[in-house]
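A short worksheet on the structure shown next.
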Amino acid sequence: MAKRRLKLNELRRILASFGVTEDKKRGKGSHTTFVKQFPEEPKPRIYSMPSRKDVLPCYVKDCRRRFRLTPEDGVTDEDFYGRK
């Protein structure tokens, strides 16, 4: 999996294109929370991360893993980072 730093707004657009939403009600002032419901799971998957302008590669990697957006899940790096 490619390690790449993203702008928070860019990550929001990419995740939204995969059906991941941002929950504005969750998270404290310094964090933002993303949510996705998978049909086979009773509870939604949630990922909270610091809401900085630049998202560090470690958070992008964890976020992709949490929402099944890795090459092992069928989403290549080119497909993930190429989304607008």
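The values are calculated or read from the model by the stated rules, or taken from the named source; none is laboratory data. These numbers were taken from a predicted model, which means no experiment stands behind them. Don't worry about glycine lacking a Cβ; one is built from the backbone with ideal geometry, like all the others, and counts go over all protein chains shown.
Here are the numbers:
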quantity	calculated
Val75 being surrounded by 14 or more Cβ atoms within 10 Å (Cβ to Cβ), out of contact with any Asp or Glu (no Cβ under 8 Å at 6 or more places or on another chain), touching a residue at least 40 places away in the same chain (Cβ under 8 Å) and more than 17 Å from Leu6 (Cα to Cα)	yes
Helices (runs of 4 or more DSSP H) enclosed by the chain - at least 1 residues per element that are among the polar types (S, T, N, Q)	8-17
Search result, residues across region 19-50 that are within 22 Å of Lys61 (Cα to Cα) and of a type in the set (Gly, Ala, Ser)	Gly19, Gly27, Ser30, Ser48
Number of positions in region 25-57 that are farther than 16 Å from Arg13 by Cα and either in contact (Cβ under 8 Å) with a residue 40 or more places away in the chain or among the charged types (D, E, K, R) (or both)	9
Matching residues, region 3-39, being surrounded by 12 or more Cβ atoms within 10 Å (Cβ to Cβ), closer than 14 Å to Val55 by Cβ and out of contact with any strand residue (DSSP E or B) (no Cβ under 7 Å at 6 or more places or on another chain)	Arg4, Glu10, Arg13, Ile14
Selection within region 22-45 - modelled with pLDDT under 95 and among the β-branched types (Val, Ile, Thr)	Thr32, Thr33
